[in-house]
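For reference, the structure discussed in these notes is given below.
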Amino acid sequence: MKIKHSNTIIQSVEKKFIKNEMPFLEVGDSIQISVLIKEGSRERIQTSEGVIISINNNNLNTTITIRKVLQNIGVERIYLIHSPRITNIKIIKKAKVRKAKLYYLRSRSGKATRLKQKFN
């Protein structure tokens with residue numbers, strides 16, 4: 001009984017911090033994400049693009065892993081979706097994928113990393 005009670009308390013506290021205006025994200029989506037970055041005393045917004053290769057759903061702690069290739073080097077970043085540092089997420093295009101995790105993109109390069117576009 002105490003475990004259920006503590007879970008409801010945790011969920012009620014987390015509910016205050018969950019963002020409701022988020023777009024529906026799926027694995028394979030190409031997105032543009034804007035993040036607030038603090039440099040010294042001033043803040044600026046940095047945007048980055050990439051393909052979502054994995055989503056870890058865990059209420060407030062939901063994370064996405066974004067992969068992009070810069071100067072022939074693959075870069076992956078993990079973002080907390082509900083973080084107050086993330087200001088905007090924009091879906092550029094959706095892809096038709098058949099796997100929950102796209103880790104196989106790590107071993108591919110060039111045109112082999114293209115995904116089939118999904119039209120609505």
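Tabulated data
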| item | result |
| --- | --- |
| Residues of the range 38-62 that turn out to be part of a loop (DSSP other than H, G, I, E, B) and more than 10 Å from the chain's Cα centre (by Cα), as a count | 4 |
| Residue within the range 104-113 that is modelled with pLDDT under 95, assigned to a loop (DSSP other than H, G, I, E, B), of a type in the set (Lys, Arg) and touching a strand residue (DSSP E or B) at 6+ places or on another chain (Cβ under 8 Å) present | no |
| Odd one out for residue 53 among (1) closer than 25 Å to residue 120 by Cα; (2) touching a helix residue (DSSP H, G or I) at 6+ places or on another chain (Cβ under 8 Å); (3) open to solvent by 50 Å² or more (accessible area, probe 1.4 Å) | (3) |
| Single unsatisfied condition, residue 13 versus (1) open to solvent by 90 Å² or more (accessible area, probe 1.4 Å); (2) over 20 Å from residue 87 (Cβ atoms); (3) not hydroxyl-bearing (Ser, Thr, Tyr) | (1) |
| Test: residue in the range 13-30 that is among the aliphatic types (A, V, I, L, M) and free of Cβ contacts under 8 Å to residues at least 40 places away in the same chain | yes |
| Selection count, the range 56-97, where residues are more than 16 Å from residue 20 (Cα to Cα), open to solvent by less than 30 Å² (accessible area, probe 1.4 Å) and touching a residue at least 24 places away in the same chain (Cβ under 8 Å) | 4 |
| Residue 101, sole failed condition from (1) under 29 Å from residue 13 (Cβ atoms); (2) in a loop (DSSP other than H, G, I, E, B); (3) among the basic types (Lys, Arg) | (1) |
| Considering residues of the range 16-40 that are surrounded by 10 or more Cβ atoms within 10 Å (Cβ to Cβ) and of a type in the set (Asp, Glu) only, the residue nearest to residue 66 (Cα to Cα) | 29 |
| Check on residue 27, within 30 Å of residue 7 (Cβ to Cβ) and part of a loop (DSSP other than H, G, I, E, B) | yes |
| The one condition in (1) at pLDDT 95 or above; (2) surrounded by 11 or more Cβ atoms within 10 Å (Cβ to Cβ) that residue 118 fails to fulfil | (1) |
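Every residue, every condition in (1) part of a strand (DSSP E or B); (2) touching a helix residue (DSSP H, G or I) at 6+ places or on another chain (Cβ under 7 Å), yes or no:
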{"site": "14", "(1), (2)": "no, yes"}
{"site": "22", "(1), (2)": "no, no"}
{"site": "31", "(1), (2)": "yes, no"}
{"site": "36", "(1), (2)": "yes, no"}
{"site": "64", "(1), (2)": "yes, no"}
{"site": "79", "(1), (2)": "yes, no"}
{"site": "83", "(1), (2)": "no, no"}
{"site": "87", "(1), (2)": "yes, no"}
{"site": "92", "(1), (2)": "yes, no"}
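The values are calculated or read from the model by the stated rules, or taken from the named source; none is laboratory data. Predicted, not measured: the structure shown is a model, and the values here were computed from it. Counting neighbours? That spans all protein chains shown, and the Cβs are built from the backbone with ideal geometry, glycine included. The protein model used for the area step is the full one, side chains on, heavy atoms only, and it has no ligands, DNA or RNA in it. Shrake-Rupley method; radii C 1.70, N 1.55, O 1.52, S 1.80 Å.
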